[in-house]
Amino acid sequence: MSHNIPDRVKRRVEDILSRYPRREAALLPVLSALQEERGFLSHSDEEWAADTLGIPPAKVREVVTFYSLFRRKPAGRHHLQVCTNVSCALNGADGLLSHLRKKLGIAEGETSADGRFSLSSVECLGHCDEAPCLMVNDEHYGRLDRRALDELLEKLE
Amino acid sequence: MNREDELFLTRDFGLDHLHRLETYVSRGGYRAAAKALKTMTPDAVLEEVKAANLRGRGGAGFPAGIKWGFVPRGTDALRYLCVNADEGEPGTFKDRFLMSHNPHLLLEGAILASYAVGIRTAYVYIRGEYESIARRLETAVSEARASGWLGDHIAGTGFGLEVFVHRGAGAYICGEETALLESLEGKRGHPRLKPPFPASIGLFRCPTVINNVETLCHIPGIIRHGAEAFLKRGLPRDGGTRIFSVSGAVARPGCYELPTGSSLRELIYERAGGVRDGRKLKAVIPGGLSAPMLTENEIDVRMDGDSLVEAGSMLGSGAVIVIDDETPMTLVLEKITKFYAHESCGQCTPCRVGTAWMARIAARLRAGRRRNGDVDTLHRLASGIKGRTLCPMGDAAALPVLALVAKFRDELERSS
Ligand SMILES: Cc1cc2nc3c(=O)[nH]c(=O)nc-3n(C[C@H](O)[C@H](O)[C@H](O)COP(=O)(O)O)c2cc1C
Ligand code: FES
């Protein structure tokens, strides 16, 4: 089976492997590197990781489904992850989330038809001093109200 | 500058480029490492940390020196340091604050811990959501290696250390030390049964020290200025400062560094500006989401481990969440229970089933669809989880619910 893994990813994986005394320990960072490439983990990515690290594919699947940052289907170009834990909830997180649902016409776990946005609610992001907050892909945005949120969405192409 | 002020971790946090090695060194950085490696034996470093009685800042409050002392000595066997930068306890953001302002302080702490215990490889396990901070740490590691503070022959001595930044992938349970080890080995974050403790069988079955970021950040100060100076701040049995993460309904949320044993009321009203928008304080979660909440008449308490246990709660990660009088407790209950239901690793039945069940009831209460007996069932479920799980996550899920039900039962019973 051809796995179609770009050389730059293979080089990154070699570098990752050099940090651990056992190959299987590199599984999380290797999966992150693969996901970064495609935006999600395909079946073939999982098989390639299993082959490369010398572990059964079932072990890889076990890990992929355990950790919330791994995805098995594509997300939108901008993945909006709204924190709804206590400190953010005390600062209006639920209102922001329902605003986003209405405005984008999608529920949590869904992607807009044009592929621009996907939405999820997440647990504490460690930015409670900037509540309410969310992450767009890897970036944090805090102290949001509806207006600030609308302005942010405008900027995300 | 007063010598003792150097024991405040955040002393220089106003500086622009503290995260760069050059600035850190200009403020006395890496002097503790130089002193230890060149003039002290590993045992002398260990003894100093023991004398300081530095209590862990990650949640359990175990003295760092004693933990290091559990690692078998006198062999060449491989051993590891794992820096716990998973910071998943809701309300907590101090480790992010420390690492983003001063990554080299953490690296220097890691060097000292590794020197004391005979470790040559350290992993910083950082939560995946802290990507920008992980990159900042990696830059600091490269800088340190380039100037001889990491790698072989640190400061021209025979001691060497490599530090690797390892990203988690979104799982609160991986902050629990044995789940962290499993995760670092490339597996699901399922806590291990203890004993054996990580100090004897840890990462890759080798003796392993696991310390929180803030704990390690205290080590350079202790080595430079001595255990005695450290103990002058804070309480005699629980010295030094702590960084409190204050959030929720306060006017000035943020990190505040105070001596251990400082007053919770002062922290909220004098540092964090009191309750926002002129509202009144209804309850406070004093030590991260797992800590039982205190009511307005219970907040004249000192912020140290023993005092909070006496007050029926815990200091945990030092995260203070303030709840105002306009917030319905059903909202807080819903968020607390949803969190544990989502984060239970699923290994132990009481936790897996109990947290999901509590979350369903809490969602009903929140939606105004309370059924008769719901509050009693909540109490029964939480009591059934407590003490019946492999790791402390079960208690973490149960205790806040028990406290909320005990202190706000009337309000919950009225919700419909
Ligand atoms: C469910 C759970 C989550 C935890 N999360 C963290 C965490 O995010 N960061 C942390 O430092 N300790 C966390 N701990 C505590 C660790 O198990 C461990 O006690 C700590 O990392 C030891 O470091 P210290 O002695 O320096 O505090 C958690 C414990 C439990 C039971
Ligand atoms: S509660 Fe939202 S970031 Fe912590």
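The values are calculated or read from the model by the stated rules, or taken from the named source; none is laboratory data. These figures come from a predicted structure and were not determined experimentally. Cβ sites come from the backbone with ideal geometry, for glycine too, and all protein chains shown count toward neighbours. For accessibility, only protein heavy atoms count, side chains too; no ligands or nucleic acids. Shrake-Rupley method; radii C 1.70, N 1.55, O 1.52, S 1.80 Å.
Once you sort the root eigenvalues of the Cα gyration tensor of region B:3-232 as a ≥ b ≥ c, which label holds: rounded (a/c under 1.5), prolate (a/b larger than b/c) or oblate (the other case)?
rounded
Give me the distance in nm between label points sitting 7 Å out from Cα along the Cα-to-Cβ direction at A:His3 and B:Asp300, one decimal.
The two pseudo-label positions are separated by 6.5 nm.
Rank these residues by their accessible area, most exposed first, probe 1.4 Å: A:Ser112, B:Ser132.
I get B:Ser132, A:Ser112, largest accessible area first.
Where does helix A:146-155 land angle-wise versus the long Cα axis of chain A, in degrees 0 to 90, nearest 10?
Helix A:146-155 and the main axis of chain A meet at about 50 degrees.
Restricting to DSSP loop positions (anything but H, G, I, E, B) with no more than 14 other Cβ atoms inside 10 Å of their own Cβ, which chymotrypsin sites (Phe, Trp or Tyr not before Pro) remain in region B:63-137?
Sites meeting the loop and neighbour criteria: B:Phe70.
Quick test of the membrane-span-like rule: which DSSP H helices of chain B reach at least 18 Å along their long axis (C-alpha atoms) with mean Kyte hydropathy at least 1.0?
B:103-117
Rounded to the nearest 5, what % of the DSSP beta bridges within chain A are antiparallel ones?
Given both bridge residues lie in chain A, the antiparallel proportion sits at roughly 55 percent.
If DNA, RNA and ligands are ignored and the probe is 1.4 Å, what is the ranking of A:Asp138, B:Asp5, B:Asp152 by accessible area, most exposed first?
Of A:Asp138, B:Asp5, B:Asp152, the descending order of accessible area is B:Asp152, A:Asp138, B:Asp5.
If you count the DSSP beta bridges with both ends in region A:78-156, what percent of them are antiparallel, to the nearest 5?
Antiparallel bridges: around 55 percent, rounded to the nearest 5.
Multiply the residue separation of B:Ala60 and B:Lys194 by 0.36 nm, subtract the distance between their alpha-carbon atoms, and state the gained length in nm to one decimal.
Using 0.36 nm per residue and subtracting the Cα-Cα distance, I get 46.8 nm.
Over region B:289-342, what relative contact order in percent results from Cα pairs under 8 Å that are six or more residues apart?
Normalised by residue count, the contact order of region B:289-342 is 32 percent.
Over 19 Å between C-alpha atoms is what I'm after, so list which of B:Lys50/B:Lys232; B:Lys194/B:Lys335; B:Lys50/B:Lys94; B:Lys338/B:Lys386; B:Lys282/B:Lys407 land there.
In this structure, B:Lys194/B:Lys335; B:Lys50/B:Lys94 lie more than 19 Å apart at Cα.
Please compute, for peptide A:79-89, the average count of beta-carbon atoms on other protein chains lying within 10 Å of each residue's beta-carbon.
Per residue, the number of nearby Cβ atoms from other chains is 6 on average.
Once the convex hull of the C-alpha atoms of chain A is built, how many Å³ does it hold per residue, rounded to a whole number?
That works out to 131 Å³ per residue.
Report the Cα centroid-to-centroid distance between region B:201-258 and region B:74-88 in angstrom, as an integer.
17 Å
Over region B:329-413, what is the relative contact order in whole percent, taking alpha-carbon pairs under 8 Å and six or more residues apart?
It comes to 34 percent, rounded to a whole number.
Do you know the relative contact order of chain B, to the nearest whole percent, from alpha carbon pairs under 8 angstrom that are 6+ apart?
After rounding, I find 16 percent.
Extending each Cα 7 Å along its Cβ direction at B:Thr377 and A:Glu14, get the distance between those two points in nm, one decimal.
5.9 nm
Mind checking the full-extension length gain between B:Ala51 and B:Asp16? Use 0.36 nm per residue of separation minus the Cα-Cα distance, one decimal, nm.
9.2 nm
Where does each of A:Lys59, B:Lys280 land when they are ordered by accessible area, with a 1.4 Å probe and the largest first?
B:Lys280, A:Lys59
So if I take the alpha carbon set of the protein assembly as shown, get Rg, then get Rh from the Kirkwood formula, what is the Rg over Rh ratio?
For the protein assembly as shown, the value is 0.96.
Counting only DSSP beta bridges with both residues in chain B, what percent are antiparallel, rounded to the nearest 5?
Around 45 percent of the beta bridges assigned by DSSP in chain B are antiparallel ones.
Would you please classify the overall shape of region A:7-66 from the alpha carbon gyration tensor, given that a ≥ b ≥ c denote the square roots of the eigenvalues, rounded means a/c under 1.5, and beyond that prolate means a/b larger than b/c while oblate covers the rest?
oblate
Within 10 Å of each Cβ in B:61-69, how many Cβ atoms from other chains are there, averaged over the peptide?
If you average over the peptide's residues, the count of other-chain Cβ atoms is 0.
With the calculation restricted to Cα positions, what are the radius of gyration and Dmax of region B:244-324 in angstrom?
So, for region B:244-324, Rg and Dmax equal 10.9, 33 Å respectively.
Across peptide A:16-28, how many C-beta atoms of other chains are within 10 Å of each residue C-beta, on average?
For this peptide, the per-residue mean of nearby foreign Cβ atoms is 5.
Quick check: from the Cα gyration tensor, does region B:329-413 come out rounded (a/c under 1.5), prolate or oblate?
prolate
So what's the gap between the Cα centers of region B:1-61 and region B:143-194, to the nearest angstrom?
If you average the Cα positions of each part, the centres end up 20 Å apart.
Looking at region B:307-407, which trypsin sites (Lys or Arg not before Pro) are in a loop (DSSP not H, G, I, E or B) and have at most 13 other Cβ atoms within 10 Å?
Answer by residue number: B:Arg369, B:Arg371.
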